[in-house]
Amino acid sequence: MSLLEDFCGHLRMERIADKEFIGHSLYSATKNSVFGGQVMGQALSAACQLVEGRQCHSLSAQFLRAGNLQEPIHYAVATLRDGRNFSVRRVSAVQAGRELLTLDASFHIDAQGFDQQPIMPAVAEPESLPSLASYREKFEQLGLNGLYHFLVTNNVFDFRCIDQPSYIELNNRPAVQRMWMRAKHTLPNEQALQRSILAYICDNNFIRTASLPFRELISSQPSQMATLNHSMWMHRPINLNNWHLYDIHSVNSFGERSLVIGHMYAQSGELVATMVQEGLLRLIDDDAGAVFSENA
């Protein structure tokens with residue numbers, strides 16, 4: 001089975017009952033922790049599989065605790081509403097009796113209406129930028145081999161950063177990160193799957209953007225980053241087989257919490273999605289024996 005088939009299969013999951021699914025973890029940047037985007041993407045996939053004729057237009061997720069890579073994750077879906085135009089599903093992700101995440105997803109019928117949006121930032125075209133694979137030596141120098149393989153070797157997406165990738169940034173700079181992304185191989189043209197994949201991939205390089213003004217401290221002291229909550233609105237049809245610009249900026253950091261906002265644009269300029277995430281961003285006392293931890 002190819003990497004693409006494995007990736008799509010692990011998002012579709014195994015259905016074990018009328019409203020229950022089992023998900024497994026295949027990819028991670030660390031040895032022990034599940035990637036948060038995976039849990040969110042699988043939870044949305046479970047909700048999508050229990051709604052017909054409508055597409056998810058928004059979701060709100062609360063990350064309650066980290067999961068491990070060894071055990072499966074159980075997803076239970078509850079129907080909150082089925083109205084004339086909207087449906088709402090609530091998903092609970094549980095591993096070994098501990099709830100990892102709750103997600104509420106709203107679905108809407110296809111409809112015609114008003115159309116306006118901001119203009120996509122003017123940036124270099126993706127083909128003119130180096131891929132993450134070209135930074136392998138820098139990842140290795142920083143001891144980030146696991147992160148490199150998660151982002152490049154075991155990833156179905158090609159990432160092209162406008163500036164130096166924040167993963168390997170050691171200098172302070174403004175809390176802005178822009179990157180192009182596109183599937184390396186053709187994804188199925190199913191909107192439900194495409195939106196689940198977007199939920200998976202948009203957690204990548206997100207809360208990390210808030211760390212950019214503090215990279216000199218973070219690169220010299222133990223630190224921790226983790227997602228607390230994530231909201232997402234899908235405005236227009238999505239086709240991740242084409243290049244998309246992920247325009248991310250952090251609007252606030254205070255009291256160990258940071259807030260980031262992201263806009264996802266198709267290369268043709270349409271705004272396809274907006275994301276907002278609050279995350280934990282803090283330095284850790286060396287005496288606590290904590291290990292440096294960052295989201296992908």
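Report yes if some residue within the stretch 37-50 is touching a residue at least 40 places away in the same chain (Cβ under 8 Å), farther than 29 Å from LEU151 by Cβ and surrounded by 16 or more Cβ atoms within 10 Å (Cβ to Cβ); otherwise report no.
Filtering the stretch 37-50 for residues touching a residue at least 40 places away in the same chain (Cβ under 8 Å) gives 37-49.
Add one more test, that the residue is farther than 29 Å from LEU151 by Cβ, and what stays is none.
The answer is no, given that none of the residues of the stretch 37-50 is touching a residue at least 40 places away in the same chain (Cβ under 8 Å), farther than 29 Å from LEU151 by Cβ and surrounded by 16 or more Cβ atoms within 10 Å (Cβ to Cβ).
Name the one entry in ALA105, ALA76, ALA93 that is within 26 Å of LEU3 (Cβ to Cβ), aliphatic (A, V, I, L, M) and in a strand (DSSP E or B). Walk me through how you get there before you give the answer.
Details: ALA105 fails: within 26 Å of LEU3 (Cβ to Cβ); ALA76 fails: within 26 Å of LEU3 (Cβ to Cβ).
Selected residue: ALA93, the only one of ALA105, ALA76, ALA93 that is within 26 Å of LEU3 (Cβ to Cβ), aliphatic (A, V, I, L, M) and in a strand (DSSP E or B).
Determine which member of the set SER60, SER28, SER87 is crowded, with 17+ Cβ neighbours inside 10 Å, of a type outside the set (A, V, I, L, M, F, W, C) and either in a strand (DSSP E or B) or over 18 Å from the mean Cα position of the chain (by Cα) (or both). It would help to see each step written out before you state the result.
Values: SER60 fails: crowded, with 17+ Cβ neighbours inside 10 Å; SER28 fails: either in a strand (DSSP E or B) or over 18 Å from the mean Cα position of the chain (by Cα) (or both).
Exactly one residue qualifies, and that residue is SER87.
Of the residues that sit in the stretch 215-234 and are within 29 Å of ALA111 (Cα to Cα) and in contact with a helix residue (DSSP H, G or I) (Cβ under 9 Å, 6 or more places away or on another chain), which one is surrounded by the fewest Cβ atoms within 10 Å (Cβ to Cβ)?
MET234
Among ARG178, ARG173, which is of a type in the set (Lys, Arg), at negative phi, outside any loop (DSSP other than H, G, I, E, B) and modelled with pLDDT of 95 or more?
Values: ARG173 fails: outside any loop (DSSP other than H, G, I, E, B).
After applying the criteria, what remains is ARG178.
Limited to the stretch 189-234, what total is found for residues that are among the polar types (S, T, N, Q), in contact (Cβ under 8 Å) with a residue 60 or more places away in the chain and in a helix (DSSP H, G or I)?
Of the residues in that region, 3 qualify.
Are any residues in the stretch 193-208 farther than 22 Å from THR153 by Cα and at pLDDT below 95, and if so, which ones?
ILE207
Which one is nearest to ALA29 (Cα to Cα), of the residues in the stretch 139-177 that are surrounded by fewer than 19 Cβ atoms within 10 Å (Cβ to Cβ) and among the acidic types (Asp, Glu)?
Here the answer is GLU140.
Report, by residue number, each residue of the stretch 235-268 that is in contact with a Lys or Arg (Cβ under 6 Å, 6 or more places away or on another chain) and either in a strand (DSSP E or B) or surrounded by fewer than 16 Cβ atoms within 10 Å (Cβ to Cβ) (or both).
Result: ASP247, GLU256.
Considering only the stretch 12-30, state which residues are closer than 20 Å to LEU64 by Cα and not aromatic (Phe, Trp, Tyr).
GLU20, ILE22, GLY23, HIS24, SER25, SER28, ALA29, THR30 - these are the residues of the stretch 12-30 that are closer than 20 Å to LEU64 by Cα and not aromatic (Phe, Trp, Tyr).
Considering only the stretch 98-134, state which residues are closer than 30 Å to ALA76 by Cβ and among the polar types (S, T, N, Q).
Answer for the stretch 98-134, where residues must be closer than 30 Å to ALA76 by Cβ and among the polar types (S, T, N, Q): THR102, SER106.
The values are calculated or read from the model by the stated rules, or taken from the named source; none is laboratory data. These figures come from a predicted structure and were not determined experimentally. Cβ sites come from the backbone with ideal geometry, for glycine too, and all protein chains shown count toward neighbours.
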